[in-house]
Amino acid sequence: MPENLTIGMLAKRGGVNVETIRYYQRRGLLQEPLKPYTGFRQYPPQSVRRIRFIKRAQSLGFTLEEIHGLLALDERRACRETRGMAAHKLELIEEKLADLSTMKKALSRLVRACDASSEGTPCPIIHLLADD
C-alpha cells in the first residue's frame, strides 16, 4: 500500500511549491486532510495525480475555475460535458491564433516600412499606427 505524503513531499512530487498546494486547497481544487492531534497532515498518493492534472489543464489554457468544473464533471462521469468544455477551449485557442496571425502580419508590415525608410525621417511605425 503506498504511503501518504506530507505537504512538502506532495509539492515535490507534483512539481509545485507548498504555497501552490495551499492555494489549490483554498480554491477547492484539492482537499485538505484533517490534521492529526500530533504530527503532520497526510495526503493520499492520488493527490499527486490531481496536482499534475491541474497544472496540465492550466498549460492548455484552462482557468482554475474551469478546472474546478472539469473536476466536478469527472466526479459525475460526465464525459460529454467535459468534451464540450475542451471543444470550447479549442475554439477560443483557434480564435486567438487567428488574431495573433493578423497581428503578426500587421507588425511585419510596420517593420518592413521602417526598414524601407531613410535615416533621419520620422518613424513610419509611429505614423502608420497613428493613421490606421
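Arranged from highest to lowest average of other beta-carbon atoms within 10 Å per residue, in what order do the peptides 4-13, 104-113 appear?
4-13, 104-113
Using a Gaussian network model of the chain whose springs link C-alpha atoms within less than 10 Å, name the residue from 67, 93, 54 with the highest mean-square fluctuation.
Most flexible of the set in this elastic network: 93.
Taking the Cβ of residue 92 as the center, what net charge do the other residues with Cβ under 14 Å away carry, scoring Lys and Arg +1 and Asp and Glu -1?
For residues surrounding residue 92, the net value is -3.
Show me, for region 75-88, the HN-Hα J-couplings you get by feeding each phi into the Karplus relation (A = 6.51, B = -1.76, C = 1.60, θ = phi - 60°), rounded to Hz, glycine and proline as x.
5, 8, 6, 9, 4, 4, 5, 4, 4, x, 5, 5, 5, 5
Measuring from label point to label point, each 7 Å out along Cα→Cβ, what is the residue 59 to residue 121 span in nm?
Once both label points are built, they end up 4.7 nm from each other.
Calculate I(q)/I(0) for the chain by the Debye formula, one identical point scatterer on each C-alpha and no solvent, and give its log10 at q = 0.10, 0.18 Å⁻¹ to two decimals.
So the normalised log intensities are -0.56, -1.00.
Any read-out appearing in this document is the output of simple, stated calculations on the displayed coordinates, not a laboratory observation. Given the structure is predicted, the values throughout are model-derived calculations rather than measurements. Cβ atoms come from the backbone with ideal geometry, glycine included; neighbour counts cover every protein chain shown.
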